[in-house]
Amino acid sequence: MASNVKNSNTKIKRNTFDVDEALEEQLSIKDLKRVLDYIKPYKSQVFIALIIILIANFATLIGPFLVMQAIDNAIPNGDIPQLMTLAIIFLISVIISGLCVSYRIKNIAKIGQNALRDMRLELFTHLQQLSFDFFDSRPHGKILIRVVNYINTLSDLLSNGLINLISDLFSLVIAFGFMLHINVRFTLFSLMFVPILFALAFFIKTMQRKNFQTLSNKQSNMNAYIHESIAGIKTSQSFVREKENTDIFDNVQTDYRSAWLRAIGTMFLMQPAVHNVQVLATALIYFLGAHAIGDQTVTIGVVIAFIGYLGNFWNPIVNIGNFYNALVTGSAYLERIFETIDETPAVMDVPDAFDMPSIVGDIVFDNVRFGYEDIEILKGLSFNVKAGESIALVGPTGAGKSTIINLVSRFYNIDAGTISIDGQNISQVKLHSLRSQMGVMLQDTFIFSGTIMDNIRYGKLDATEAEIIAAAKAVQAHDFIMNMKDGYETEINERGSNLSAGQRQLLSFARTLLADPKILILDEATASIDTKTEALLQTALDRLLEGRTSFIIAHRLSTIKNASRIFYISNGILQEAGSHHKLMEIPDGHYRKLYESQFARA
C-alpha cells in the first residue's frame, strides 16, 4: 500500500515546466544573447574592463618571448646590459599584469552582480503581474526556485564567465600570433590536434546538456515537494503521514542525487579531454624540437619559448571548455528563468485601456460564461446590482460564488458576455485603476510577517496611526491588539502563525476597510470568529457597508439576513434573488430549504 502511495505521489510531482527537448538546442544561443542584454547597461564599464584585459594578456604573454631573446642572444653573447633590460621589461610586465588582473576581478564581479540584480528584479516584478491561473497550475516551490536558486547558480557565469571568455579569446589570439612569429611549422603541427578536441567537445556536449536538463527538472521536483510538505505540515501530522511523506521525499531526492551524479560525471569529462590533447601536442613539439635543434631556424630558445606559448594557447582552450561547462549548466536554468519572464499574463490591460473613473457602484453581469480549463462554472449568468446594495451570495459548494467575486475584481478573464461597473466594461479599463477602488477579503486570509500596524496599513501606505486604530476598532480588533505584548507594534510571524484564525480574519478585515473601497468583497469574513465577536462585528458591518456596493459570501446564513438582496447561485446560473424575507416566502424555494436545513441541524 505504501509503495502504491509513493509511486502515485511521485507521478504527481512530475515537472510541469518541462520544455520540449527539440526546442532546447535552438534556445541556448538565444538565451545567451538575452543574458548579454542585461550587461548592456554597463557597456562602458565592460569596455574599460576589456581594455584592461587586453593589456594584462599582452603583459603576461610577452614573457616567453623575452626568455627566448635572453637564451638565444643575451646569454651566449655575454650581453649583460641586454639581459638587464630584458629582466626589467619582464618585471614591469609582471607588475602591470598583476594590477590589471586585480582590477578585472573586482570590477567584473561588480558588473555581473548588477546584471543578476536586474534579472532577479525583472523576474520578481513579472511574477507580481501574472494572473491567478499561472499560480493555480504550478507548484509554488518550483516558482520559488527560479527566483532564488536558478539565478544564484548563474552568479559565476555572469560575474566571471563571459568576461573571462573574452579574456581567454584575447589570450588565444595573442599566443597564436607569437607562435606563428616564432615557428610556423611547429604551429601547424600544433593545430592538428584542434579538430580532435572539437570532436571530443561535441560528443561530451550532447551528453552533458541532456543530463543537466534532467538535473534541473529533478531539482525543481525536490524543491516543490519540500515547499508543499512544509506548507502542509499541520495536515500531515494530523493524519500521521510523516513516514509516508519521508518515503516519498527519499524517492524524490534519490532521483535528484542520481541525476546530479550523471551531470557532474559528464561535466568533469571536458577538462581531462582538453588536458590530454594538450599533453599530446606538447609531446609532439618536444619531439620535433629535439630533432630540429641545430637548424638555423630552431634554437633552444625557440623550443622553450614555443612550449611556453603552446601552454598559453591550450590553457585558454581549457578555460573555454570550463566556461562551456558553466554555460551548459546555466543554460538549463536560463531556459526556465526566461520561460517564466516570457509567460504572458492571462489578465492584462488591453492596448487602448483607460483609467476607471471614480466608482459609484452599479454592477451588471450580462450573460457571463466562465470556466476553469474544461469545466464550465458560470453558464450565462446575468444580474444587476445598484450602487450601495449589499449582495449575499449563497448556494452549494462549487456553484460559482467565489468565481463571481474573482470576476468582479477581474482576477480572471471571462469566456463570454460582459461585466460592467457604472456602464464601463471592466475588460477595457486599466487593472490598477479598477482594483485600487475595491476592497477584497478572500476566504484564505493572508497575514504578512511584520508588525500588526504594517499589516493593517498594507493596502493604504499613507494611512495615519489614528486611521489604523479607527479601522481596528470598527471591526472589534482593537481590544485583542492592545492585549498583546507590544500592541500595534507586535511582530507577527509568517502567515500570522502566532495569531488565532479569528484574529487573522479581524486584521484582514481592518486592512480591507482602511483602504476605503468603493466596492467591498467579503468571502467568508466571519467564518473563524466566535459567536460573541460575530455579534459585535455584525453591528460594525451594517454601518460600514452603508453607502458601498458589497458582495458577501457566508455559509452561516444568520450573518447575511440584513443584506439588501440574496442571490442563490446553482449550476452556474442565478436561481433566486431577493431579500431574506422575500425568499423565505417562497414555499419550495432553494434558499428557504437551505436556511431551514441549516437551522434544523443547529
task: Select from region 438-513 those trypsin sites (Lys or Arg not before Pro) which occupy a DSSP coil region and have at most 11 other Cβ atoms within 10 Å, ordered by residue number.
output: Lys485
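Accessible area per residue for region 33-90 in Å², computed with a 1.4 Å probe and the full protein assembly in place, what is it?
Counting only protein heavy atoms, the per-residue value for region 33-90 is 58 Å².
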task: Scan region 147-249 for chymotrypsin sites (Phe, Trp or Tyr not before Pro) in coil per DSSP, keeping those whose Cβ has at most 12 other Cβ atoms within 10 Å, and list them by number.
output: Phe239
Per residue accessible area of region 439-516, 1.4 Å probe, in Å²: 49 Å²
statement: Heavy-atom accessible area with a 1.4 angstrom probe orders Leu83, Leu172, most exposed first, as Leu83, Leu172
field: Segment Ser433-His291, length gained on full extension (0.36 nm per residue, minus Cα span)
entry: 42.7 nm
- prompt: With the dipole of the chain worked out from charges on the C-beta (+1 for Lys and Arg, -1 for Asp and Glu) around the Cα centre, which of Ser427, Asn498, Ile375 lies farthest toward the positive end?
  reply: Asn498
- line: Expressed as a percent, the accessible surface of the chain that is carbon or sulfur, using a 1.4 Å probe and the full set of protein chains, is 59 percent
task: Past 22 Å, Cα to Cα, is the threshold; run Lys43/Lys205; Lys40/Lys210; Lys33/Lys205; Lys561/Lys593; Lys210/Lys243 against it and keep the listed order.
output: Lys43/Lys205; Lys40/Lys210; Lys210/Lys243
message: Rounded to the nearest 20 debye, what is the charge dipole size of the chain about its Cα centre when +1 sits on each Lys and Arg Cβ and -1 on each Asp and Glu Cβ?
response: 640 debye
Rounded to 10°, Cα long-axis angle of helix 162-182 versus longest principal axis of the chain: 10 degrees
³J(HN,Hα) computed for each position of region 200-212 - Karplus, 6.51 cos²θ - 1.76 cosθ + 1.60, integer Hz, glycine/proline x: 4, 4, 5, 5, 5, 4, 4, 5, 5, 4, 4, 5, 6
query: Of Thr60, Thr340, which has the most accessible area with a 1.4 Å probe, and how do the rest follow in descending order?
result: Thr60, Thr340
task: Working from Cα positions, state the angle (0 to 90°, nearest 10) between the long axis of helix 242-292 and the longest principal axis of the chain.
output: 20 degrees
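Scanning the chain for GluC sites (Glu not before Pro) in DSSP loops with at most 15 other Cβ atoms within 10 Å, what's the longest stretch left with none?
Answer from the scan: 1-342.
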field: trypsin sites (Lys or Arg not before Pro) restricted to DSSP loop in region 385-429 with at most 16 other C-beta within 10 Å
entry: Lys386
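The values are calculated or read from the model by the stated rules, or taken from the named source; none is laboratory data. The model shown is predicted, which means the values in this text are computed figures rather than measured ones. FYI the Cβ positions are ideal-geometry reconstructions off the backbone, even for glycines, and counts take in every protein chain you see. Ligands, DNA and RNA are stripped out before the accessible areas are found, and what is left, the full protein with its side chains, is counted by its heavy atoms. Shrake-Rupley method; radii C 1.70, N 1.55, O 1.52, S 1.80 Å.
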